[in-house]
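The values are calculated or read from the model by the stated rules, or taken from the named source; none is laboratory data. Computed from a predicted structure; not experimentally measured. Because the Cβ atoms are built from the backbone with ideal geometry, glycine has one as well, and the counts that use them run over all protein chains shown. The protein model used for the area step is the full one, side chains on, heavy atoms only, and it has no ligands, DNA or RNA in it. Shrake-Rupley method; radii C 1.70, N 1.55, O 1.52, S 1.80 Å.
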Amino acid sequence: MTDSALSIWDAAAWNFSSFVTRIDDWNVESPCPGWTIADLVSHTIDLEAMLAADPRPEHSPDWTALPHIASDFGRLTEIGVDYRRGRSREELLVELNEAHARAMARVESLPPNASIPWLRGDIPVPRLLGMRAFDIWMHEQDARVATGTVGNLDGPGAAEAMQYLSAGLPKVWGKGVGAPANAVLHVVITEPGLTGAFWIHMEEDGKAALVSSSETDGDPDVTVTVPWLSFVMLAGGRATETDYAKDVVIVGNEELGQRFLDSMAVTP
C-alpha cells in the first residue's frame with residue numbers, strides 16, 4: 001500500500017465529510033441525477049462500508065419510483081442509497097465517519113500488493129483507493145454545485161478525476177462522435193482548478209487514442225476549451241442537470257465539436 005494513495009483517499013473523505021456537515025438542508029437536489037445531498041452521503045457510506053468488508057444491505061428498492069436508474073450498474077449502486085433513505089442527517093453523519101474509519105483500518109491491515117473484490121471484479125487496493133478518492137471528490141463537487149459553494153477544485157481526488165475523465169475522451173471521440181479517420185480533437189482545460197491539454201486522434205481502424213501534440217499533423221479539426229469544473233460536470237454525466245455547456249468554446253468543425261459536447265459523459 002502506498003502512503004500517498006492512502007492519504008489522498010483519507011483526505012478526500014475528510015473534506016467531503018467536513019463540507020456536507022456545513023450544509024443544513026440535505027434534501028437539496030444535486031447535479032447527480034436523482035440524488036439529493038443526503039443520497040450523495042448515503043452512496044459514500046455504502047462504498048466505504050463495502051471497502052470495510054461490511055455485509056451488503058439486503059434491500060429491494062421500488063425501481064418504478066426511481067426513474068433515474070437506467071443500468072445494472074446504477075441498480076447496484078442505488079441499493080445502498082435507497083436502503084438509507086429516511087435516516088436523519090445526524091445518523092448519516094455518524095455512519096459516514098464510522099464507515100470510513102472501518103475502511104481505513106481494513107486497508108491499513110492489508111499487504112501492499114493486495115487485491116480485493118469490488119463492484120466489477122477483483123482490483124488492486126492502490127488503484128481502488130484512487131477510484132474512491134475520485135468518487136468522493138466528485139460527490140463533494142456535486143454537493144458544492146447544489147449549494148452554490150465553488151471550492152476545493154484542486155483538492156485530494158482532483159488529479160484522480162482528471163486522469164479518469166480524460167482517459168474516457170478517446171471513446172467519446174471515436175464511439176460517441178464517430179469522428180472521421182485521422183480527425184484530431186484538442187481539449188483544453190482551464191482554471192480555476194486543474195488545467196490540462198489533450199489530443200485525441202481517430203485511427204484508421206475506427207478507434208480513437210490519446211496522442212501527444214507532436215504526433216498530430218497540423219491544426220486540430222476541433223479545439224474545445226472548457227473550465228475545469230465545467231469539464232468535470234459534463235464528463236461526469238451531469239450535463240442534463242447543469243448549464244455548464246455554456247462555458248465551452250468550440251473552434252474548428254462546429255458540428256463535430258457539438259457532437260463531442262453532447263457525448264461527453266464518461267462515467268457509468
Of all residues in the stretch 196-207, which are open to solvent by 60 Å² or more (accessible area, probe 1.4 Å) and in a strand (DSSP E or B)? none
If we scan the stretch 25-43, do we find a residue that is open to solvent by 60 Å² or more (accessible area, probe 1.4 Å), over 27 Å from V266 (Cα atoms) and modelled with pLDDT of 95 or more? yes
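Go through the stretch 66-86 residue by residue and tally those that are under 13 Å from R120 (Cα atoms) and of a type outside the set (S, T, Y).
Looking only at that region, the number is 4.
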Hits in the stretch 104-136 (condition: closer than 20 Å to I45 by Cβ, within 20 Å of the chain's Cα centre (by Cα) and small (G, A, S)): G130, A133
Pull up the stretch 44-71, narrow it to residues that are of a type in the set (G, A, S) and modelled with pLDDT of 95 or more, then point me to the one that is most open to solvent (accessible area, probe 1.4 Å). A53
For residues in the stretch 1-23 being at pLDDT below 95 and assigned to a loop (DSSP other than H, G, I, E, B), which is surrounded by the most Cβ atoms within 10 Å (Cβ to Cβ)? M1
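So which of A161, A179, A183, A143 is more than 17 Å from the chain's Cα centre (by Cα), buried (at least 22 other Cβ atoms within 10 Å of the Cβ) and small (G, A, S)?
Numbers: A161 fails: more than 17 Å from the chain's Cα centre (by Cα); A183 fails: buried (at least 22 other Cβ atoms within 10 Å of the Cβ); A143 fails: more than 17 Å from the chain's Cα centre (by Cα).
Only one candidate passes the filter, namely A179.
In the set E48, E29, E58, which member is farther than 27 Å from S230 by Cβ and within 21 Å of the chain's Cα centre (by Cα)?
Details: E29 fails: farther than 27 Å from S230 by Cβ; E58 fails: within 21 Å of the chain's Cα centre (by Cα).
Sole residue among the options that is farther than 27 Å from S230 by Cβ and within 21 Å of the chain's Cα centre (by Cα): E48.
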Within the stretch 186-196, is there a residue that is more than 17 Å from V266 (Cα to Cα), without any contact (Cβ under 8 Å) to a residue 12 or more places away in the chain and not polar (S, T, N, Q)? no
Residues of the stretch 243-266 being over 21 Å from A143 (Cβ atoms), at pLDDT below 95 and among the acidic types (D, E), which ones? D262
If I filter the stretch 251-260 for residues that are out of contact with any Leu (no Cβ under 8 Å at 6 or more places or on another chain), surrounded by fewer than 20 Cβ atoms within 10 Å (Cβ to Cβ) and part of a loop (DSSP other than H, G, I, E, B), do I get at least one hit? yes
I need the full set of residues from the stretch 208-220 which are part of a strand (DSSP E or B) and over 13 Å from G176 (Cα atoms), in order please. A209, L210, V211
Over 21 Å from M162 (Cα atoms) and at pLDDT 90 or above, is that true of P192? no
Specify the residue that is modelled with the highest pLDDT; the eligible residues are those in the stretch 208-242 that are of a type in the set (D, E, K, R) and loosely packed, with under 13 Cβ neighbours inside 10 Å. D219
Flagged pairs (Cβ under 7 angstrom, 6 or more apart or on separate chains; first in the stretch 35-55, within 15 Å of A103 (Cα to Cα); second of a type in the set (V, I, T) and open to solvent by 10 Å² or more (accessible area, probe 1.4 Å)) are H43/T77
Qualifying positions in the stretch 236-260 - out of contact with any strand residue (DSSP E or B) (no Cβ under 9 Å at 6 or more places or on another chain), in contact (Cβ under 8 Å) with a residue 60 or more places away in the chain and not charged (D, E, K, R): G236, G237, T240, T242
